[in-house]
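The values are calculated or read from the model by the stated rules, or taken from the named source; none is laboratory data. Everything numeric here is computed off the predicted structure, so don't read it as measured data. Methodologically, a virtual Cβ is constructed for each residue, glycine included, from the backbone with ideal geometry; neighbour enumeration extends over all protein chains shown. Note: accessible area is taken over every heavy atom of the protein model, side chains too, but ligands, DNA and RNA are not part of it. Shrake-Rupley method; radii C 1.70, N 1.55, O 1.52, S 1.80 Å.
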Amino acid sequence: MGRLFGTDGARGVAITELTCEMAMNIGRAAAIVLTKHGTKREKARILIGKDTRISSDILEAALVAGITSVGADVELLGVVPTPAVAYLVRYYEADAGVMISASHNSVEYNGIKLFSSTGFKLPDAVENEIEALILDTPEQIKLYDGTEVGRVKTLYGAVTEYNEHIQSTVKGKFHGLLVAIDCANGSASATAESLFYKFGAEFIYINNEPNGLNINEKCGSTHIEQLRDLVIKRGCDVGFAFDGDADRCLAIDEKGNLVDGDKLIAIMSRYMKSKHTLKNNTAVVTVMSNLGFHNFMKSNDIDTVCTKVGDRYVLEEMLAHDYNIGGEQSGHIIFLDYATTGDGQLTAAQTLQMMIDSNMPLSQLAGDIPDYPQKLENVKITEDKRNLWDKDPEINDVIQQAQTALGDDGRILVRESGTEPLVRVMIEAAQMSQVEEWTAKIADVIRQRLC
């Protein structure tokens with residue numbers, strides 16, 4: 001895996017790449033680094049949550065062994081969404097939080113995400129310090145024995161505390177709405193029904209029976225077709241799809257149209273502006289956001305700031321300049337007034353609130369956001385060719401050819417995944433034929449050069 005942390009924690013194929021030994025060492029090093037300045041308690045306390053994939057229990061055991069072996073206590077949250085860990089770290093006044101999840105990735109992957117005592121994901125500098133302790137100076141890790149080792153206990157009320165927080169962010173009831181929810185057989189399966197029932201709408205749940213193997217399998221935010229079919233068949237007012245750890249949300253309107261993260265951020269920003277709650281009249285997005293999103297924001301006199309891809313970079317910009325909404329096209333949306341990270345169930349709740357307050361269907365709310373044809377292709381590369389695509393003259397040449405052909409009516413974004421051996425090629429243009437032509441050409445050259 002090289003250095004441990006990518007753009008969203010440590011991630012890899014569970015057990016063979018993200019090994020038990022590595023998980024144990026991450027637990028040890030994280031406990032030491034995150035509590036090195038001391039704690040008000042006799043021992044540091046670290047919360048651990050997990051998603052539903054079969055390997056999560058194994059990695060949880062390894063993390064527990066690592067954390068307790070350096071004298072810190074562990075409090076287990078069980079299966080919860082990633083944003084629940086971020087919230088509960090602050091609620092329980094713990095010293096750190098750990099989430100075991102590979103988010104939207106398929107079941108063979110898993111990951112470890114770390115949160116500080118403030119509920120925010122760790123900055124690069126702190127992750128680098130943890131990496132250095134594991135990879136460069138492991139001899140500095142002091143192990144405890146006897147009565148000095150940490151203890152382990154389970155926090156049985158964690159789901160309730162998190163759900164009550166999400167429920168507190170909306171006002172009134174959503175009577176009269178029929179809402180479909182796709183839990184992706186992931187973390188939302190443990191929280192969604194007990195969360196949403198208090199909102200007064202009628203809810204239909206699918207993919208909420210995880211078996212350890214079916215997380216994200218042809219369902220959730222990465223496979224929206226099943227939810228779309230349900231919304232149309234049952235005549236739902238709206239549908240929401242989460243990913244494996246429920247930090248993302250995509251929506252389907254009552255006509256079966258996809259309302260992605262760009263559109264949700266756009267209409268929510270307009271709604272917040274009308275309520276005078278949009279801080280500094282600005283939303284933060286990434287360079288992946290559709291040109292149609294930017295046109296909509298301009299027409300509504302709302303400013304936008306773009307960051308590089310990754311929710312951590314969106315969050316950094318929001319914190320630095322006091323913005324309160326931001327996110328990604330993938331549905332990872334941060335409402336900073338209520339949460340320190342993206343939260344799919346919070347996004348769904350806020351969208352329902354907007355629909356009720358506006359007395360408008362979602363298709364009408366999002367209907368005036370233009371869509372530029374866009375295509376994203378993931379090109380798998382070999383491990384030894386990582387971090388080389390932008391240095392290859394043939395790849396650079398075909399990208400330049402494409403940009404010249406598209407001119408001002410299109411854009412190209414090529415980037416390497418921070419979590420998998422992939423190069424992502426995204427193209428937008430006025431005509432779909434142009435998008436498909438140049439996406440194929442660039443992807444073919446990348447395959448020839450890096451596979």
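Every helix of 4 or more DSSP H residues in the chain counts as -39500 (n - 2.57), and over all residues that averages to -11000 deg cm²/dmol at 222 nm. Taking 0.36 nm per residue of sequence separation and removing the Cα-Cα distance, the THR160/ASN257 pair yields an extension gain of 31.6 nm. Taking label points 7 Å from Cα along the Cα-to-Cβ direction, ASP337 and GLN167 give a separation of 2.1 nm. Over the stretch 1-134, one equal point on each Cα, no solvent: what is log10 I(q)/I(0) by the Debye formula at q = 0.15, 0.20 Å⁻¹? Here the Debye-derived log intensity ratios amount to -0.60, -1.14. Descending by average beta-carbon neighbour count within 10 Å, the peptides 343-352, 239-248, 116-125 line up as 239-248, 343-352, 116-125, the highest first. Largest accessible area first, the residues LYS263, LYS171 order themselves as LYS171, LYS263 under a 1.4 Å probe with ligands, DNA and RNA left out. Our coupling estimate for the stretch 437-443, obtained by passing each phi through the Karplus curve with A = 6.51, B = -1.76, C = 1.60 and θ = phi - 60°, is 4, 7, 4, 5, 5, 5, 4 Hz, Gly and Pro reported as x. Which shape class, rounded, prolate or oblate, goes with the stretch 266-393 when its Cα gyration tensor gives a ≥ b ≥ c as root eigenvalues, a/c under 1.5 marks rounded, and past that a/b bigger than b/c marks prolate? Taking the square roots of the gyration eigenvalues as a ≥ b ≥ c, the stretch 266-393 is prolate.
Counting heavy atoms of the protein chains alone, TYR162 has an accessible area of about 0 Å² for a 1.4 Å probe.
Among beta bridges from DSSP that stay inside the stretch 5-85, the antiparallel ones total about 20%.
Rolling a 1.4 angstrom probe over the protein heavy atoms with all chains in place gives the chain an accessible area of 41 Å² per residue.
Just check the stretch 85-184 against the gyration tensor rule for me: Cα atoms, a ≥ b ≥ c as the square roots of the eigenvalues, rounded for a/c under 1.5, and otherwise prolate or oblate depending on whether a/b exceeds b/c. Prolate shape, in that a/c is at least 1.5 and a/b is the bigger ratio.
Each peptide in 132-139, 204-211, 438-445 gets a packing score, the mean of other Cβ atoms within 10 Å over its residues, and the list from highest to lowest is 438-445, 204-211, 132-139. Exposure check, 1.4 Å probe, all protein chains in place: HIS175 carries approximately 130 Å² of accessible surface.
A convex hull fitted to the Cα coordinates of the chain yields 141 cubic angstrom per residue.
When a 1.4 Å probe is rolled over the protein heavy atoms, the share of accessible surface on the stretch 1-141 that falls to carbon and sulfur comes to 54 percent. With contacts taken as Cα pairs under 8 Å at a separation of at least 6 residues, the chain carries a relative contact order of 13 percent. A Förster radius of 41 Å combined with the Cβ-Cβ distance from ALA440 to ASN281 puts the calculated FRET efficiency at roughly 0.55. Taking 0.36 nm per residue of sequence separation and removing the Cα-Cα distance, the LYS273/SER358 pair yields an extension gain of 29.3 nm. For the stretch 23-84, the relative contact order comes to 48 percent (Cα pairs under 8 Å, sequence separation of at least 6). Judged by the ratio a/c of the largest to the smallest principal axis of the C-alpha gyration tensor, the stretch 35-99 counts as oblate, that ratio being 1.5 or greater while a/b is no larger than b/c. Here the stretch 230-363 is treated with +1 on each Lys and Arg Cβ and -1 on each Asp and Glu Cβ, and its dipole about the Cα centre works out to around 360 debye. Using a cut-off of 22 Å between Cα atoms, the listed pairs LYS218/LYS308; LYS36/LYS142; LYS380/LYS441; LYS218/LYS380; LYS171/LYS298 include LYS218/LYS308; LYS171/LYS298 as exceeding that distance. For LYS173, the lysines whose Cα falls under 20 Å of its own Cα, not counting residues fewer than eight places away in the same chain, are LYS198, LYS275. For the stretch 105-124, list residues with backbone N below 13 Å from a point placed 7 Å from the Cα of THR16 toward its Cβ? Those under the cut-off are 108-110.
The listed residues PHE115, PHE5, once ranked by accessible area (1.4 Å probe) with the largest placed first, stand as PHE5, PHE115.
The equivalent ellipsoid of the stretch 125-215 has semi-axes of 41, 17, 15 Å, largest first, where each one is the square root of 5 times an eigenvalue of the Cα gyration tensor. Within the straight-line cut-off of under 19 Å between alpha carbons, the aspartates and glutamates reachable from LYS233 are ASP182, GLU202, GLU225, ASP253, GLU254, sequence neighbours fewer than 8 places apart in one chain being disregarded. DSSP beta bridges confined to the chain are antiparallel in about 55 percent of cases.
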